[in-house]
Amino acid sequence: MVAWLERCKALCKRTGRTTWIVLMGVAGMLLIFLSGIGGGEAEEISQEPMQTGSQQTEDAYRTAAEQELTELLGQIRGVGRVHVMLRISGSETQVYATEQKTETDGSRTSRESKHVLIGSGNAQSALVEQIQAPRIIGAVVVCEGGDSIQVKEQIYQAVSVACSISTAQIYVAAMKS
């Protein structure tokens, strides 16, 4: 190793700084290449995007609603096997309780609104009055009986009432054989 360094120094004295820089670059690339050859285990990088808490809640809500609607539609005469896909908008929303004060002073009326807090000290949090589920904005239903006009009409009505959406937001198709 020492002999190799001496040769490099002698070469640099003869040829100049440019050669020295090129040699150092080649040596650096060689070290990088050799470090990749080692038998260490490589980390596996997940290609799936991370899901936030609201995405997981949305997915869980959609899956549960699809299963419930599938079971409901399966009970209708003539439907047969059924698959349901729902489209949802937004995410779970929390509505906090508020306290409102109104003061009238002659001709002026002032209103003050603030959130109701529960707990004490640093452990205070706003009181959740209501949790609103994501909104269903569309449904696709594929079933064995989807080619019958009477069955389609029953599905349109059932999905419309169960999901609180108009029949224009529902599509019903016959399942292929």
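The values are calculated or read from the model by the stated rules, or taken from the named source; none is laboratory data. Quantities reported herein were computed from a predicted structural model and do not represent experimental measurements. Cβ atoms come from the backbone with ideal geometry, glycine included; neighbour counts cover every protein chain shown. Only protein heavy atoms, including side chains, enter the accessible area calculation; ligands, DNA and RNA are left aside. Shrake-Rupley method; radii C 1.70, N 1.55, O 1.52, S 1.80 Å.
Of note:
- Taking amide H as placed 1.01 Å from N in the peptide plane, VAL172 has its amide H under 5 Å from the amide H of VAL141, each at least 5 places away in sequence or on another chain.
- You can think of it this way: the chain between VAL22 and THR93 has 19.5 nm of extra reach, that is 0.36 nm per residue less the Cα-Cα gap.
- Couplings for the range 98-113, taken from phi via the Karplus curve 6.51 cos²θ - 1.76 cosθ + 1.60 with θ = phi - 60°, read 10, 10, 10, 10, 10, 10, 10, 10, x, 9, 9, 10, 10, 10, 10, 10 Hz in order; Gly and Pro are left as x.
- The listed residues MET29, MET85, MET175 rank as MET29, MET85, MET175 when sorted by accessible area, largest first, using a 1.4 Å probe.
- Note on GLN130 and LEU72: the extension gain reaches 18.2 nm, defined as 0.36 nm multiplied by sequence separation minus the Cα-Cα distance.
- Size check on the range 84-177: the Cα extents along the three principal axes, sorted descending, read 72, 39, 16 Å.
- For the range 141-154, backbone phi angles converted through the Karplus equation (6.51, -1.76, 1.60; θ = phi - 60°) give residue-by-residue couplings of 10, 10, 8, 5, x, x, 8, 8, 5, 5, 5, 4, 4, 5 Hz, Gly and Pro being listed as x.
- By accessible area, using a 1.4 Å probe on protein heavy atoms only, the range 124-171 has 50% of its surface on carbon and sulfur.
- Taking a sphere under 14 Å around the Cβ of VAL79 and counting the other residues whose Cβ falls inside, with K and R at +1 and D and E at -1, yields a net charge of -1.
- Length released on extending from SER160 to SER107, taking residue separation times 0.36 nm less the Cα-Cα span: 14.1 nm
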